[in-house]
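The values are calculated or read from the model by the stated rules, or taken from the named source; none is laboratory data. Small disclaimer: the values here were computed from a predicted structure and weren't measured. Quick reminder, even Gly has a Cβ in these numbers, built from the backbone with ideal geometry, and neighbours come from all protein chains shown. Areas reflect the complete protein model, heavy atoms only, side chains present, ligands, DNA and RNA absent. Shrake-Rupley method; radii C 1.70, N 1.55, O 1.52, S 1.80 Å.
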Amino acid sequence: MYLTTYTPIMFSRNGFPRDKAGNPYLPGNVIKEALESATIFYYIKKDREIENKVKNYLTTEKLRLKEISKKVKEFVFKKHPVLENLNLPEIIYLPEKNIREEYIEIFDLKEWIDLKGFKTEVFTGVLEINISSPHIEKLKSAAHSYAEALAKMELSFLKEHPLSEIFYQPLINNLKKWEVPLRIGMWTEVTFKGDLLFFWRIKEVRERIIKDLGIDIRPRYILYLPRLKQTTGWSYLEK
């Protein structure tokens, strides 16, 4: 399959990892994590039993930051093991010519202000990747459900920000046409990224996590490139 970037991908504030010879690469686990987030969102939304189990855990059990994502994954993947036999390369090499340095702005969706940004490496382009899965059709459905929900949520928080009309409305229209839409790499600085996205509208869950852990489950900070007027990490897989 081919991975195509719709907007630049970044890995960290320090750029991309490199092998001993200095060749930049993207860890294959980055794609797996994106598919995990999509699958978690999709099956919590689709399967009422899973939704109730996760909701009960998040509102009644003693919450520990390091255990939440692990526990939610257990609930979902025990019943829907759609990531089993997913074959991904451990390392995806990136052409040096497609890497450049960009200034990344941090936008606070809650306070609606720009915070201090930073410069780092980003990648744009098309990569041929040896990916296979016996559950590809289920992963496609999950990927679309999650990507559209994430894009619409960010759009709703941006309100009259120029990114709303310039970037997000075209994005939402475009990602409906993609085979497997993904949000990969570093695109927010929130602990859970999108793993608990389904619950951001459910007040009791949101308030419990804020009260016990001091963390908002919504992706509060988005990373965008002011020069390009785009947020980071939007991409898609296609045959």
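Data overview
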read-out: Segment 1-83: trypsin sites (Lys or Arg not before Pro) in DSSP coil with no more than 14 other Cβ atoms inside 10 Å; value: Arg13, Lys20, Lys62, Arg64
read-out: Trypsin sites (Lys or Arg not before Pro) restricted to segment 86-182 and DSSP loop, no more than 15 other C-beta within 10 Å; value: Lys110, Lys159, Lys176, Lys177
read-out: Intensity falloff of segment 124-234 expressed as log10 I(q)/I(0), Debye formula with alpha-carbon point scatterers, at q = 0.09, 0.16, 0.20, 0.24 Å⁻¹; value: -0.28, -0.84, -1.20, -1.45
read-out: Contact order normalised by residue count of the chain, Cα under 8 Å, 6+ apart, percent; value: 34 percent
read-out: Radius of gyration and Dmax over the Cα atoms of segment 15-147, both given in Å; value: 18.3, 51
read-out: Carbon plus sulfur fraction of accessible area for segment 7-81, probe 1.4 Å, in percent; value: 45 percent
read-out: Mean ellipticity per residue at 222 nm, deg cm²/dmol - from DSSP H runs of n ≥ 4 across the chain, formula -39500 (n - 2.57); value: -12000 deg cm²/dmol
read-out: Loop chymotrypsin sites (Phe, Trp or Tyr not before Pro), segment 50-131 (other Cβ atoms within 10 Å of the site Cβ: 12 or fewer; DSSP); value: Trp112
read-out: Net charge, Lys53 excluded, C-beta distance under 12 Å - Lys, Arg +1, Asp, Glu -1; value: 0
read-out: For segment 149-203: accessible area per residue (Å², 1.4 Å); value: 42 Å²
read-out: All Cα pairs of the chain, percent lying beyond 26 Å; value: 39 percent
read-out: Area accessible to solvent at Arg227, 1.4 Å probe radius, in Å²; value: 150 Å²
read-out: Gained length - Ile113 relative to Tyr93, 0.36 nm times residue gap less alpha-carbon distance; value: 3.6 nm
read-out: Solvent-accessible area per residue for segment 12-143 (1.4 angstrom probe, square angstrom); value: 56 Å²
